[in-house]
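Each remark here refers to the structure printed beneath this line.
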Amino acid sequence: MNRFNPAHHQTEASPPSAGLPLSLDPQLLEQLGRELAGPLTHALELASTLTTQGSLAPAGLRALREAVARGRQVGIVCQQIARLAQGQARPSPEPVALDDTLRTLLAHRQAEAAGRLGPSEGLSASVGRAVMVDADSALLGTLLRALLDACQDVALGAVTLELASGEWPVQAQLRCRFEPDPQRLPGMTLNWHLFDHLARCMNVAWVHAHQVRSGRPTRMDTLITLNFTADAQAPLHMPER
């Protein structure tokens, strides 16, 4: 597995079997231990309080449920990474409306973000007209969810998405921009590993870069760009002119 370079990263999709076997990747194993230990330790502390005191306040019960749910989600992400790394996912490309898939996902995520972060934070998007790509529809939804999870893991505020048609053979380009948390660089979470494995499996090339945002004070944004290209094994779907 390629190591992530925080300054610049570009990866062209490669067979899932490329690189180190999953069990031998110390970076991934270290990240798994870190993300799993946190919620499980918190859940254990709350369970100990429940045992000694015989009850928990509603806030404590809510925190316990969230900690267990987080630990469960970490396990699910690890299972997905393992399946991809072992080559168990077999994409079946077909023409898919990327704009519709993205809108559906954003509607769900924006509702979640509004409740968690408030109306001024969360997600903003510019989708535009219909954009068709050749992709496995199920994996495409999983890829987009993993991308948003990965970006929101390390973003200080809102995540901005922009979808546009590309020049053949690039069918579409999706840009994801956010202000990064300096303590949590891209590549430091399991969701980034999952996103990278999915992109490789689906032959979606992506680029990581920094851009200076104008204003006072100036700040550096992270920009993730995905390029969806025509699949040689899929039915040809030429972009409208």
message = For region 25-59, give me each residue that is farther than 20 Å from ASP153 by Cβ, under 30 Å from the mean Cα position of the chain (by Cα) and loosely packed, with under 15 Cβ neighbours inside 10 Å.
response = PRO26, LEU44, GLU45, ALA59
inquiry  = Let me confirm something: among LEU64, LEU84, LEU98, which residue is at pLDDT below 85, open to solvent by less than 80 Å² (accessible area, probe 1.4 Å) and of a type outside the set (Phe, Trp, Tyr)?
reply    = LEU64
task = Return a yes/no flag: does region 112-124 have any residue that is surrounded by fewer than 19 Cβ atoms within 10 Å (Cβ to Cβ), under 20 Å from GLN173 (Cα atoms) and under 18 Å from the mean Cα position of the chain (by Cα).
result = yes
query = Any idea which of (1) modelled with pLDDT of 90 or more; (2) more than 15 Å from the chain's Cα centre (by Cα); (3) of a type in the set (A, V, I, L, M) is the one LEU143 doesn't satisfy?
reply = (2)
ask   = strands (runs of 3 or more DSSP E) wholly in region 130-182 with at least 1 residues that are under 28 Å from MET220 (Cα atoms) and of a type outside the set (Val, Ile, Thr) - which ones?
value = 155-165, 170-180
remark   = Within region 66-97, residues part of a helix (DSSP H, G or I) and in contact with an Asp or Glu (Cβ under 7 Å, 6 or more places away or on another chain) come out as VAL74
message = What are the pairs with Cβ atoms under 9 angstrom where one residue, in region 205-228, is closer than 20 Å to LEU98 by Cα and modelled with pLDDT of 90 or more and the other, located anywhere, is of a type in the set (Asp, Glu) and open to solvent by less than 80 Å² (accessible area, probe 1.4 Å)? Sequence gap at least six, or different chains.
response = TRP206/ASP196; PHE228/ASP134
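The values are calculated or read from the model by the stated rules, or taken from the named source; none is laboratory data. What you see is a predicted model, and the numbers here were worked out from it, not measured in a lab. In this analysis, Cβ positions are derived from the backbone assuming ideal geometry, glycine residues included, and neighbour counts consider all displayed protein chains. Protein only, heavy atoms only, side chains kept; ligands, DNA and RNA dropped before computing areas. Shrake-Rupley method; radii C 1.70, N 1.55, O 1.52, S 1.80 Å.
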